[in-house]
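Peer 1: Below: one structure in structure tokens.
The values are calculated or read from the model by the stated rules, or taken from the named source; none is laboratory data. The structure displayed is predicted, hence computed values, not measured ones. Positions of Cβ are generated from backbone atoms using ideal geometry, with glycine treated the same way; all protein chains shown enter the neighbour counts. Keep in mind that these areas ignore ligands, DNA and RNA; they rest on the heavy atoms of the full protein, side chains included. Shrake-Rupley method; radii C 1.70, N 1.55, O 1.52, S 1.80 Å.
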Amino acid sequence: MVLSDRTIMRMLQEGTLSISPLEESQIQPASVDIRLGNMFSIIEDLPTGVIDLENEIQYRTIETDRYVLLPGQFVLATTKEYIALPDNLTAFVEGRSSLGRMGLFIQNAGWVDPGFQGEITLELFNANRCAIELKAGRRVGQLVFAKMDANALHPYRGKYQGQTGATGSRAFMDDKT
């Protein structure tokens with residue numbers, strides 16, 4: 001069941017759902033707007049030109065209120081909001097259609113597990129032929145919350161728990177069994 005604005009506000013007031021900072025105007029009928037933070041991470045160039053999924057890769061992280069995303073460029077960014085989901089609530093991250101129509105693709109694997117706490121790392125890609133200026137504080141997407149039928153047996157406590165800033169891939173930490 002997707003949560004309504006009424007339920008989202010009640011959960012925020014009760015403290016069972018946490019989103020900070022949050023302005024009341026961000027709460028929509030069936031979602032909460034998320035804003036762009038001021039941290040951006042870019043994969044460092046590799047001598048081989050090949051990303052090896054088994055080894056840690058290096059990122060250059062930039063803290064700025066404005067970032068120009070060049071055509072065909074990929075960058076990690078973070079949300080301004082830090083969220084904490086209870087063990088019976090999941091969230092879907094959706095980009096804004098109006099930004100997608102400009103060629104800005106926003107993704108984060110689309111899913112936030114129950115029990116997750118942290119800022120959400122967004123993967124941004126400019127599919128346009130023109131550069132796109134990104135500004136911290138700008139609404140870039142929304143969280144749609146869904147209540148689960150029961151608390152998760154194993155809520156999220158993984159390698160991204162508590163993340164802040166534009167957090168790079170930790171695929172190299174995956175179980176190698």
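Peer 1: Would you please list the contacts, defined by Cβ atoms under 6 Å and residues six or more apart or on different chains, that run from a residue in the range 2-21 that is of a type in the set (A, V, I, L, M) to a residue that is part of a helix (DSSP H, G or I)?
Peer 2: Correct list of pairs: 17/11.
Peer 1: Being among the small types (Gly, Ala, Ser) and part of a strand (DSSP E or B) narrows it down to one residue among 150, 146; which is it?
Peer 2: Being among the small types (Gly, Ala, Ser) and part of a strand (DSSP E or B) holds for just one of 150, 146, which is 146.
Peer 1: Taking the stated definitions as given, is residue 36 within 28 Å of residue 91 (Cβ to Cβ), among the aliphatic types (A, V, I, L, M) and either in contact with a helix residue (DSSP H, G or I) (Cβ under 9 Å, 6 or more places away or on another chain) or not in a strand (DSSP E or B) (or both)?
Peer 2: no
Peer 1: Okay, next question. Out of the range 39-68, which residues are assigned to a strand (DSSP E or B), open to solvent by 50 Å² or more (accessible area, probe 1.4 Å) and either charged (D, E, K, R) or touching a Leu at 6+ places or on another chain (Cβ under 6 Å) (or both)?
Peer 2: 60, 63, 66
Peer 1: Could you grab me the full set of residues in the range 49-70 that are modelled with pLDDT of 95 or more and hydrophobic (A, V, I, L, M, F, W, C)?
Peer 2: Answer for the range 49-70, where residues must be modelled with pLDDT of 95 or more and hydrophobic (A, V, I, L, M, F, W, C): 62, 68, 69, 70.
Peer 1: Just to check your reading of the model, which residue among 64, 16 is closer than 22 Å to residue 155 by Cα and of a type in the set (Ser, Thr, Tyr)?
Peer 2: 16
Peer 1: With respect to the numbered conditions (1) under 15 Å from the mean Cα position of the chain (by Cα); (2) under 19 Å from residue 90 (Cα atoms), which one is the sole condition not fulfilled by residue 158?
Peer 2: Of the numbered conditions (1) under 15 Å from the mean Cα position of the chain (by Cα); (2) under 19 Å from residue 90 (Cα atoms), the odd one out for residue 158 is (1).
Peer 1: Something else about it: Evaluate the following for residue 122: is it hydrophobic (A, V, I, L, M, F, W, C) and either part of a loop (DSSP other than H, G, I, E, B) or within 25 Å of residue 6 (Cβ to Cβ) (or both)?
Peer 2: no
Peer 1: Another question about this same structure. For the range 5-14, indicate whether the set of residues that are closer than 18 Å to residue 126 by Cα and open to solvent by 50 Å² or more (accessible area, probe 1.4 Å) is non-empty.
Peer 2: no
Peer 1: Also, I was wondering about something else. Look through the range 125-141, keep the residues that are in a loop (DSSP other than H, G, I, E, B) and over 15 Å from the mean Cα position of the chain (by Cα), and return whichever of them is surrounded by the most Cβ atoms within 10 Å (Cβ to Cβ).
Peer 2: 128
Peer 1: Follow-up question, since we're still on this one. Which condition from (1) modelled with pLDDT under 95; (2) over 20 Å from the mean Cα position of the chain (by Cα); (3) β-branched (Val, Ile, Thr); (4) not in a loop (DSSP other than H, G, I, E, B) is the one that residue 7 breaks?
Peer 2: Condition not satisfied by residue 7: (1).
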